[in-house]
Amino acid sequence: MFKFKFQFLVLILTIIVPTALSKFEAIEPLLKRLDSKKVPPSVQEAAAKGVLKRLIPTHFSSFEFNIVSKDACGGVSCFMINNHNKSGKHGPEIIVRGTTAVEIASGLHWYLKYWCGAHVSWDKTGGIQTTSVPEPGSLPLLKDEVLIKRPVPWNYYQNVVTSSYSYVWWDWERWEKEVDWMALQGVNLPLAFTGQEAIWQKVFKDFNISSEELNNFFGGPAFLAWARMGNLHGWGGPLSQNWLDQQLVLQKQIISRMLELGMTPVLPSFAGNVPAALATIFPKAKITRLGDWNTVDGDPRWCCTYLLDPSDPLFVEIGEAFIKKQIKEYGDVTDIYNCDTFNENTPPTNDTAYISTLGAAVYKAMSKGDRDAVWLMQGWLFYSDSSFWKPPQMKALLHSVPFGKMIVLDLFADVKPIWKTSFQFYGTPYIWCMLHNFGGNIEMYGILDAISSGPVDARVSANSTMVGVGMCMEGIEHNPVVYELMPEMAFRDDKVQVLEWLKSYSRRRYGKADHQVEAAWEILYHTIYNCTDGIADHNHDYIVMFPDWDPSTNFKSGIPNHQNKIEFLPPGSRRYLFQETPSEMPKVHLWYSPDDVIKALQLLLAGGKNFAGSLTYRYDLVDLTRQVLSKLANQVYINAVTSFQKKDINALRSHSDNLLQLIKDIDVLLASDDNFLVGTWLESAKKLAVTASEIKQYEWNARTQVTMWYDTNVTTQSKLHDYANKFWSGIVENYYLPRAATYFNHLSESLKQNQKFNLVEWRKQWISHSNKWQKGNELYPVKAKGDALAISKALYEKYFAK
C-alpha cells in the first residue's frame with residue numbers, strides 16, 4: 001500500500017513539475033538579451049571609478065578596474081581581485097576585474113571589507129568606516145587571486161512601497177549615494193519606479209484625459225505607492241506639474257547611473273488602475289469600482305478606485321502605450337517589468353480558466369509594448385491571500401504566460417518561504433527575498449540564521465528554480481547588520497557561519513576589535529537577531545503604536561512570554577490593515593529575553609571608551625538603548641493599565657508618570673544622534689517644494705504618513721494609524737508623549753470621578769491634537785545635541801543598574 005502511494009506521488013510530481021532544466025535555462029535568452037543592452041566596458045569602468053572616488057577618494061589611484069567577459073568566469077558573472085604588477089612606487093596596487101561595473105564595485109567592497117577591515121552602511125545607520133584602510137602605497141597584498149562567482153544571476157532590490165516610505169523626499173545627491181550603495185552590495189536588478197506619474201500623464205492625455213482629471217487620481221507624494229496599486233486615489237494630492245517634471249528628470253538620472261554601472265532597472269507596467277474619467281470616455285469598457293481599502297467612512301474623495309478588467313481590449317491598448325512611452329523617454333533599457341494586478345486585489349472568481357485569461361492579458365499588454373518583456377511579480381499574494389490562491393489558482397496564474405516570461409519574488413522567504421510549498425512555483429523562476437521591515441519602522445530585528453542559510457537551501461534543493469536573491473523591505477536605513485549579510489548571499493556558494501562572521505563585522509563596523517563589544521554582538525545574535533517565532537515584525541511597541549482601547553474589561557497582558565509562539569500576521573491577513581478590538585489589548589512582539597539584551601547593552605557601553613568619535617558605534621549604542629527602553633516601557637504601560645483595573649489611582653499615577661518620563665528620556669536619547677530626528681524627514685520634504693503651497697502640502701504629507709497615515713473622523717482614528725511609526729526625536733516628545741498623557745489623564749479622571757472610562761472622549765481629544773500636528777509647521781532640529789555615550793550610560797544607570 002505504501003509503495004503504491006509513493007509511486008502515485010511521484011506520478012503527480014512528474015505531471016506538475018516541468019522536467020528539470022539545465023541551470024537557469026528558463027532565463028538564458030533573457031540574460032543574453034540584457035547583456036547585449038549593457039553600455040560599453042569603458043563607460044562601466046569609469047562608473048566604477050566614480051564609486052571609488054566618492055567612497056574613498058584618497059585611494060582613487062590605488063585601484064585599477066577592468067571589465068571582463070563571462071567566459072573569463074566560466075560563463076557566469078564574477079569578480080576577480082589581484083595584486084597589481086606595478087613598476088613604480090606610486091600607482092595602482094590592486095586590480096579588480098568584473099563582468100559589469102556592479103561586480104567591480106562588489107569586488108572593491110569585498111577587498112576593503114576582508115583585507116582592510118572597512119565597513120559601508122547607509123549614512124543614517126552610521127555611514128562608512130574607512131579609518132582602518134592603510135595609506136595609499138601600503139594596501140594589503142593578496143596571497144592568491146580571489147575569484148568570486150555569483151551562484152545565481154540576480155541580486156534584486158526594493159519593494160514597491162519603499163519609494164514612499166524611504167525615497168519619497170530624495171534628490172539626486174541622495175539617490176547617487178544609494179545607487180553607489182547598491183553597486184557596492186552587488187545589486188544588479190533594482191526597481192526604478194520614480195517619476196512614473198509623469199509618464200502616465202502623457203499616456204492618459206492620449207486617451208483624452210486632462211491633467212485636471214488626474215488630480216484626483218494620483219495620490220500625494222508620500223502616498224504614491226498605494227495610488228499606483230489602486231488602494232486609494234487623491235489622498236495627499238494633487239501632484240503639481242513641478243513635482244511631475246522634477247521626478248521625471250530625477251528618474252532619468254537614476255536610470256542613467258544604473259545603466260552606467262551595468263544594472264538592469266525594473267520598470268513599472270500597467271496593472272489596470274485607471275482614473276474615473278476613463279469610464280466616461282469609454283462607457284463600454286469593463287471598468288469596476290473596487291471596494292473600500294481602510295478608510296473610516298468610505299469617503300469617495302479617496303476611497304474605492306477604478307480597475308480596468310485585463311480581458312478588455314482597452315487594457316492591452318493602455319498597457320502597450322505605457323511601455324512604449326517609457327521606452328521613448330528612457331530608451332531600450334530593460335526587458336523586465338513589474339506588475340502586481342492581483343496584490344490585495346482578489347479576482348472575482350477562482351475559476352482557473354478565468355485566472356489564466358487574466359494573466360495572459362496582463363502579459364499581452366507588456367509584450368505588445370516590448371516584444372521581449374518579462375513579467376516580474378511580487379509573490380506576496382500567495383501568502384497574504386492564501387485562502388484564495390490555492391495550488392490550482394496559483395498554477396493557473398504562473399502558467400498563463402510563456403515559459404521564461406515570468407519571474408516571481410518570493411517576497412517573505414526569510415519567514416514564510418512559498419517555494420517550499422509550491423513545487424518551486426510550479427517551474428517558474430523565482431527570487432529568494434527577505435522582507436524584514438514594515439512601514440519603515442525603527443526596530444532592532446532580524447533572522448540572521450535564515451538569511452545566512454535560506455538562499456543556499458533553496459538554491460541546492462531538488463528541481464530548484466531559484467534565479468536570484470533579493471531585499472524587499474518596505475523601508476530602509478535600519479539594522480545595518482542585516483543589510484550587510486543579506487547582499488553577501490548573492491556571492492556565497494555556502495552557508496555563512498554567523499557567529500564568526502559577526503566577530504569580523506563588529507571589528508569592521510567600529511574600526512577595531514573589542515572583546516566586550518564582540519560579546520555584546522554574540523548576545524544580540526542569539527536574541528534580537530534570532531527571531532524564529534514566525535511573526536512578521538511590525539513594531540507595535542506601545543509608545544509608537546498606542547493602544548486605542550478601553551481597558552475597563554478583563555484582559556491578558558499584551559506582552560508575550562518570549563518563548564511562546566504568537567502568529568501576528570497569519571496567512572490570509574492583509575498587509576496594510578491594522579485593526580484593534582477595543583476590549584482586547586493589542587499585543588507587542590517580544591521574541592527574546594529582555595534581560596539578555598540589557599546585558600548586551602552593558603557590554604556595548606563598557607567598550608565605549610575605545611570608540612570615541614565613531615559614528616557607527618554611536619548609532620548602534622543609541623539604537624540598542626532605545627530598544628531596551630521601549631521594551632521596558634511596554635511593561636510599564638501594562639503596570640499602569642493593571643492599576644487602573646484594580647482601581648488603584650495612586651499606582652496608576654505612579655506608573656503612568658514613569659511611562660511619560662521614559663518617553664521623555666527616549667526623546668533626549670534619540671536627539672543625541674543625527675539619524676533619529678524627525679526634523680530631517682520634514683526638511684527634506686520641504687526642500688523639494690518650489691512654491692509656498694507645495695511646502696505646506698509636502699510637509700502635511702510627511703507628517704501624516706508617519707502618524708495617522710490615512711483619514712479620520714471626529715471619533716475614529718485612521719485604521720492605519722501608526723503603521724509607519726518612527727522612533728524619532730521630535731515626534732516622540734511632541735506627538736507620542738501628549739497622546740499617552742491625555743489617555744492616562746482620562747483614566748485617572750474616570751477613577752477619581754468613579755465613572756467609566758470614556759474612550760470616545762479621549763479619541764475626540766487625541767484625533768483633534770493629531771490633525772493639528774499634521775497641519776503644523778513648527779521647526780524641529782536637524783542636528784544632534786548631547787553626548788550619546790553619556791546619555792546612554794545615564795539611562796542605563798537610571799533604569800537597569802539596580
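The values are calculated or read from the model by the stated rules, or taken from the named source; none is laboratory data. This structure is a prediction, so every number in the text was calculated from the model and none was measured. Neighbour counts are summed over all protein chains in view; Cβ atoms, including those assigned to glycine, are modelled from backbone coordinates with ideal geometry. Ligands, DNA and RNA are excluded from the accessible area calculation, which covers all protein heavy atoms including side chains. Shrake-Rupley method; radii C 1.70, N 1.55, O 1.52, S 1.80 Å.
Using helices alone, what [θ] at 222 nm do you get for the chain, with -39,500 (n - 2.57) per DSSP H run of 4 or more residues, divided over all residues and rounded to the nearest 500? All intermediate terms of the calculation are to be shown ahead of the outcome.
Values: 27 runs with 342 residues, N = 802.
Taking each H run of at least 4 residues, the total per residue is -13500 deg cm²/dmol.
Restricting to Cα pairs below 8 Å that are 6+ residues apart, what does the relative contact order work out to for region 448-554? Please round to a whole percent. Please list the in-between numbers first.
Numbers: 53 pairs, mean separation 29.3, N = 107.
Relative contact order of region 448-554: 27 percent.
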Using alpha carbon centroids, what distance separates region 735-788 and region 391-470, in Å?
-> 42 Å
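Report the calculated FRET efficiency for residue 606 and residue 802 (r = Cβ-Cβ distance, R0 = 22 Å), to the nearest 0.05. Numbers along the way, then the final one.
Working: r = 17 Å, r/R0 = 0.79.
Given R0 = 22 Å and the Cβ-Cβ separation, E is 0.80.
Using just the alpha carbons, could you tell me how many Å³ per residue the convex hull of region 677-760 encloses?
Details: hull volume 9.1 nm³, N = 84.
Expressed per residue, the convex hull around the Cα atoms of region 677-760 is 108 Å³.
Using only Cα atoms, what Kirkwood radius does the chain have, in angstroms?
On the way: mean 1/r = 0.0360 Å⁻¹.
Mean inverse Cα-Cα distance, inverted, gives 27.8 Å.
Take the alpha-carbon positions of region 128-268, form their convex hull, and give its projected area averaged over all directions (one quarter of the hull surface) in nm². Walk me through the numbers before you get to the answer.
On the way: hull surface 46.7 nm².
About 11.7 nm², averaged over all directions.
Which order, highest average first, do 436-442, 780-786, 695-701 follow once you tally other Cβ atoms within 10 Å for each residue and take the mean per peptide?
Details: 436-442: 25.0, 780-786: 14.4, 695-701: 19.7.
Packing order, densest peptide first, comes out as 436-442, 695-701, 780-786.
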Given q = 0.10, 0.11, 0.21 Å⁻¹, what are the Debye log10 I(q)/I(0) values for region 442-560, with equal point scatterers placed on the Cα positions and solvent ignored?
-> -0.43, -0.50, -1.28
Carbon-plus-sulfur fraction of the accessible area of region 256-405, 1.4 Å probe, in percent?
-> 53 percent
Cα-derived Rg over Rh, computed across region 59-105 with Rh taken as Kirkwood radius = 1.04
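Kirkwood Rh over alpha-carbon pairs of region 707-802, then Stokes-Einstein at 20 °C and 1.002 mPa s: what D in µm² s⁻¹, rounded to an integer? Don't skip to the end; give the middle numbers.
On the way: Rh = 15.9 Å.
For these conditions, the coefficient is 135 µm²/s.
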With the 1.4 Å probe rolled over protein heavy atoms, the chain has an accessible area per residue in Å² of 38 Å²
With contacts defined as alpha carbon pairs under 8 Å and 6 or more residues apart, what's the relative contact order of region 225-336 in percent?
-> 34 percent
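Starting from the Kirkwood Rh over alpha-carbon pairs, what translational D in µm² s⁻¹ does region 463-521 have by Stokes-Einstein at 20 °C and 1.002 mPa s? Please report the intermediate quantities before stating the final value.
Details: Rh = 13.4 Å.
It comes out at roughly 160 µm²/s.
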So what is the relative contact order for the chain, in percent, with contacts set as C-alpha pairs under 8 Å and at least six apart?
-> 12 percent
Using only Cα atoms, locate the centre of region 277-312 and the centre of region 124-177, then give the distance between them in Å, rounded to an integer.
-> 42 Å
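List, in the order given, every pair from 719/772; 696/764; 420/631; 23/252 whose Cα-Cα distance in the structure shown is over 23 Å.
Numbers: 719/772 18 Å; 696/764 25 Å; 420/631 34 Å; 23/252 34 Å.
As for pairs spanning more than 23 Å Cα to Cα, those are 696/764; 420/631; 23/252.
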657, 674, 541, 340, ranked by accessible area, largest first (probe 1.4 Å) = 657, 674, 340, 541
Sort the following peptides by mean Cβ neighbour count (other Cβ atoms within 10 Å, averaged over residues), highest first: 719-729, 766-776.
-> 719-729, 766-776
Taking 141-153, 358-370, 748-760 and ranking on average Cβ neighbours within 10 Å, highest first, one gets 358-370, 141-153, 748-760
Per the 1.4 Å probe, what fraction of the accessible area of region 136-207, in percent, lies on carbon and sulfur atoms?
-> 49 percent
